[in-house]
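What follows is one structure encoded as structure tokens, with my remarks underneath.
The values are calculated or read from the model by the stated rules, or taken from the named source; none is laboratory data. Since this is a predicted model, take the numbers as computed values, not measurements. Positions of Cβ are generated from backbone atoms using ideal geometry, with glycine treated the same way; all protein chains shown enter the neighbour counts.
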Amino acid sequence: MRARGPIAFVARRTAGARRAAGADDGIGMILVLGLATFLMIVVALSVTVAVNSLGSARRHVQYEASLATAEAGIDQTLAAIQSANDQGLVYTSPAECAAEWTWASNALPSAAAERAWVESVIDTMPASCIVKGGQGEYITFRALDSIGTPMPVVYSRGWSPSRTAAEHGDRVVRAEYLFSPYKPTQAVLTEGSLDFSGSVEVNLNADSIATSADVHSNNNIFAGNNSLIVNGSLSASGTNDKSGTCPNNKITGTCDAEAPPVAIPVVSARALYRGLASSTKSAWFDLCPDGTVHSPDPVGKQPCAGTVLSAAGSYRGWTLVDAGTLQATWKFAPVSGTDYPGAYYVYQANAELGGANKKATPAPISVVVEANPSGDPNNALTCGKSGGNLTWKLSAISNYLPGVIFLADGTIYGEANDLIGRGVVAAGDRIDWATSSSTIVGSVLTSGNCPAAGGNTLQGVKVSYDSSTEFPLSTIVRTTQWLELSGN
């Protein structure tokens, strides 16, 4: 029998409250457990997403790094091709690291088929072909056509972090190239430092198609004098004492320091000889250190090995002095009424133009001077070579070879107050131009082959920049196509 009365009522209410509280505790526990489970799921998903993101980022980095590595292989091989060409050689990949096309040169396959071929031939190459570089490893080779002739095509396969890593990026690149003459894009371009001493003007020639006559040094520029005029920019990869002061009323462009270096081809007399002597044979003369004069050697392309034209020590206005010494010099003294047009190659001696006989009419000649690379081994200032220097004195000169006025392996000295053009004045080591009123129609280039020779100086000269000339001092590699080969 249920109890009655106030006490029983209170007891019943208390028991009901306890049951309700117990139910609430159960619901709360369920909520807590549910929330904890939800949070665990969220955390697990977050961790999974993070891990996947990190993995994706790693694969992306490897993918991009393998492309950069393949490109490093392309750059290295193109540099080797350029270096060999400068020496008159043809670069080919080592036999074990080379491959011949399995198709005709006029019937290229699809990108996917070409990639499959590259991968298959590289897979058969020995481990010695692998080069560590960039951000991984690569194998690069110059292709041969189906009959074994080197082609202007380079393939590169890059892996990052390595070829054997469990996870790695794998990219295949093809680059095509051609050799083309150097075409000046600056009025004055030097590898070594450049010092403007005295009055110098760098401007556009009247018929130039360029819009500015820029000056650049891959070293330092000292342009402190206030008489320097430049119709363009004045930049240096090192210091530039005009930095931040331009444009102004004398320099129309900017004046920058720490600018990116500009690629400069190696100034090499022999490279030009190989490229032009045979094609200019009828008006090309080798002036030799023993006093003989020869026509070019069309087969071996070796200076002073062709037919002897004279053995008298003098020829067409040229005379050899100090024969048999380190100072051996071929001197050109033009006489009024005689032009002696042609290309004159002074072999392992010095050249001097002008002297006491000044011609009012420019002599149409181009002069190229080759040094003896080991003629003076104890002379640190020439890096052991003798000869190879050119001095221009009193005579006006117009170029005979297209784009070539003077080229010398060593130093070019300018001492005349006259005009030369049109083309490039190019020195392998340096230029020391100290005149008061001379004019160069064309451009100036030095490649700093012997850094110990010192910097470059321009004084009392007007450079009238002509951008139209191409200068065949050393044909340079230009990439005509860059293509990543996809397997899709």
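For the structure I just gave you, tell me whether Val368 is surrounded by fewer than 17 Cβ atoms within 10 Å (Cβ to Cβ) and either in the same structural domain as Ala271 (by TED's automatic domain parsing) or charged (D, E, K, R) (or both). Here the answer is no, as Val368 does not meet what is asked. Only one of the numbered conditions (1) within 25 Å of the chain's Cα centre (by Cα); (2) at pLDDT 95 or above; (3) of a type outside the set (S, T, N, Q) is not met by Val367, and that is (1). Beta carbons closer than 9 Å, at least 6 apart along the sequence or on distinct chains, never pair a first residue in segment 356-380 that is on the phi > 0 side of the Ramachandran plot and part of a strand (DSSP E or B) with a second that is of a type in the set (D, E, K, R) and at pLDDT below 90. Restricting attention to segment 173-194, does a residue exist that is over 30 Å from Pro451 (Cβ atoms) and not aliphatic (A, V, I, L, M)? Yes, that holds for at least one residue.
For segment 161-172, the criterion of being β-branched (Val, Ile, Thr) and either at pLDDT below 90 or under 27 Å from Ala453 (Cα atoms) (or both) is met by no residue.
Against the criterion of being more than 24 Å from Thr446 (Cα to Cα) and either surrounded by fewer than 17 Cβ atoms within 10 Å (Cβ to Cβ) or at pLDDT 90 or above (or both), Ser282 qualifies. Being more than 27 Å from Gln82 (Cα to Cα), modelled with pLDDT of 90 or more and surrounded by 15 or more Cβ atoms within 10 Å (Cβ to Cβ) is a description that applies to Ala328. Determine, yes or no, whether Gly34 is modelled with pLDDT of 60 or more, in contact with a Gly (Cβ under 9 Å, 6 or more places away or on another chain), surrounded by 10 or more Cβ atoms within 10 Å (Cβ to Cβ) and assigned to a helix (DSSP H, G or I). No: the conditions fail for Gly34.
Where strands (runs of 3 or more DSSP E) sit wholly within segment 396-488, those with at least 3 residues that are at pLDDT below 90 and more than 18 Å from Ala343 (Cβ to Cβ) occupy 471-484. Annotation note: Cβ proximity below 7 Å between a residue of segment 89-103 that is surrounded by 11 or more Cβ atoms within 10 Å (Cβ to Cβ) and a residue that is among the β-branched types (Val, Ile, Thr) (sequence gap 6+ or interchain) occurs for Tyr91/Ile81; Cys97/Ile139; Ala98/Thr92; Ala99/Val121. Taken together, Val154, Val121 contain a single residue that is touching a residue at least 12 places away in the same chain (Cβ under 8 Å) and part of a helix (DSSP H, G or I), which is Val121.
If I ask for residues that are of a type in the set (Asp, Glu) and either over 20 Å from Ala349 (Cβ atoms) or not assigned by TED's automatic domain parsing to the domain that holds Lys393 (or both), which ones from segment 406-423 would you list? Once the filter is applied, which keeps residues that are of a type in the set (Asp, Glu) and either over 20 Å from Ala349 (Cβ atoms) or not assigned by TED's automatic domain parsing to the domain that holds Lys393 (or both), segment 406-423 yields only Asp418.
Quick check on Gly238: is it over 26 Å from the mean Cα position of the chain (by Cα) and among the small types (Gly, Ala, Ser)? Judged against the criteria, Gly238 is not a match.
Residues that are outside any loop (DSSP other than H, G, I, E, B), out of contact with any strand residue (DSSP E or B) (no Cβ under 8 Å at 6 or more places or on another chain) and touching a residue at least 40 places away in the same chain (Cβ under 8 Å) within segment 251-293 comprise just one, Arg274. With respect to being surrounded by fewer than 20 Cβ atoms within 10 Å (Cβ to Cβ), farther than 24 Å from Tyr413 by Cα and free of Cβ contacts under 8 Å to residues at least 40 places away in the same chain, Thr307 fits the description. If you go through segment 413-443 and keep only what is over 17 Å from Ser398 (Cβ atoms) and either polar (S, T, N, Q) or out of contact with any Phe, Trp or Tyr (no Cβ under 6 Å at 6 or more places or on another chain) (or both), you end up with Tyr413, Glu415, Ala427, Gly428, Asp429, Arg430, Ile431, Trp433, Ala434, Thr435, Ser436, Ser437.
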